[in-house]
Amino acid sequence: MKKVDFDNLILFENEDYLVINKPPYLSSLDDRHEAQNILDLAKAHTPDAQLCHRLDKETSGCLVIAKNPAAYRHLAMQFESRKVNKVYHAVVEGIKEFSDELVDRNLLANNKGIAKVSKDGKPAQTVFNTLKTYYAHTLVECKPITGRLHQIRVHLAYLKSPICGDTLYGGNPLYLSSIKRRFNLKKETEELPIMQRVSLHAYSIGFKGLDDKEIFVNAPYPKDFKVLVNQLEKTS
């Protein structure tokens, strides 16, 4: 991955917090296989930087960074009391009409970092709403109430609505040839999926600053997610 310009990722900044639009494929924390990660980039910008939460390596979107210990504690308490409003967008398989669809299923993660619905797991709740339906796919708004590993991905799979590209939880890669009529691939060329990752984006986040004023930030879609949605728009 080419060197990331951290300043270009910043969506919001005050004396206590940074909110960035995390690019896909960039780890939140130290990754043995990568030369750069969000925490190191943030510390180069603000030496006392701490990540307030994490996003999966493949997931793009809103990530909050505290610039001082008091700000970190303040937001940690909001996460603990479930007062942080997080909204994700996902493209799922099938035509789904979700209207405040609550999935309340415990999740259990194994030592390989794979989660599943299990009564022995930790409580997990997510609310889903349909944003738009297409020919054979749906753009879904996902509001996690808790913050378990792979929560949105597993809960959507539980609803038989796996996220496109999420092969770990039953989703299939989405190819242009499957949605575009008269699609011609050049001879001896292998077709790649429109998005080569899980189709999930942390779209917005809302929380209170140290002055108790509401901070609300939206993260624009990255290029690959935008291309996917634009292609699906042509099928709606």
Checking Pro144 against (1) in contact (Cβ under 8 Å) with a residue 40 or more places away in the chain; (2) touching a Ser or Thr at 6+ places or on another chain (Cβ under 6 Å); (3) open to solvent by 50 Å² or more (accessible area, probe 1.4 Å), which single condition isn't satisfied?
-> (3)
Among the residues of segment 78-103 satisfying the criterion of being open to solvent by less than 70 Å² (accessible area, probe 1.4 Å), among the small types (Gly, Ala, Ser) and touching a residue at least 24 places away in the same chain (Cβ under 8 Å), which is farthest from Gly147 (Cα to Cα)?
-> Gly94
What are the residue pairs meeting all of these: first residue in segment 1-16, first residue more than 16 Å from Gly206 (Cβ to Cβ) and in contact (Cβ under 8 Å) with a residue 60 or more places away in the chain, second residue in a strand (DSSP E or B) and open to solvent by 100 Å² or more (accessible area, probe 1.4 Å), Cβ atoms under 6 Å, and 6 or more apart or on different chains?
-> none
Filter result for the condition that a residue is open to solvent by less than 40 Å² (accessible area, probe 1.4 Å), more than 24 Å from Gln196 (Cα to Cα) and aliphatic (A, V, I, L, M), over Leu11, Leu18 = Leu18
Would you call Thr133 open to solvent by 40 Å² or more (accessible area, probe 1.4 Å), in contact (Cβ under 8 Å) with a residue 24 or more places away in the chain and not charged (D, E, K, R)?
-> yes
Considering only segment 97-142, how many residues are of a type in the set (Asp, Glu), within 30 Å of Val227 (Cα to Cα) and assigned to a strand (DSSP E or B)?
-> 2
Picked from segment 59-77 (must be open to solvent by less than 20 Å² (accessible area, probe 1.4 Å) and of a type outside the set (Ser, Thr, Tyr)), the residue farthest from Pro220 (Cα to Cα) is Ala71
Might you let me know whether segment 192-203 holds any residue that is part of a loop (DSSP other than H, G, I, E, B) and farther than 25 Å from Leu63 by Cα?
-> yes
Restricting attention to segment 204-236, report how many residues are assigned to a loop (DSSP other than H, G, I, E, B), open to solvent by 10 Å² or more (accessible area, probe 1.4 Å) and closer than 26 Å to Phe12 by Cβ.
-> 7
Which residues, taken from segment 23-40, are within 16 Å of Phe12 (Cα to Cα) and open to solvent by 10 Å² or more (accessible area, probe 1.4 Å)?
-> Pro23
Output for segment 1-28, where each listed residue is among the hydrophobic types (A, V, I, L, M, F, W, C) and within 18 Å of Asp224 (Cα to Cα) = Met1, Val4, Leu9, Ile20, Leu26
Select, from Asp48, Asp30, the only residue that is without any contact (Cβ under 8 Å) to a residue 12 or more places away in the chain and either of a type in the set (Ser, Thr, Tyr) or part of a loop (DSSP other than H, G, I, E, B) (or both).
-> Asp30
For segment 204-236, the count of residues that are under 14 Å from Gln78 (Cβ atoms) and either free of Cβ contacts under 8 Å to residues at least 12 places away in the same chain or out of contact with any helix residue (DSSP H, G or I) (no Cβ under 6 Å at 6 or more places or on another chain) (or both) equals 10
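The values are calculated or read from the model by the stated rules, or taken from the named source; none is laboratory data. Note that the structure is predicted; figures quoted are calculated from it, not measured. We place every Cβ from the backbone using ideal geometry, glycine too, and count neighbours over all the protein chains shown. Note: areas computed on protein heavy atoms with side chains; ligands, DNA, RNA excluded. Shrake-Rupley method; radii C 1.70, N 1.55, O 1.52, S 1.80 Å.
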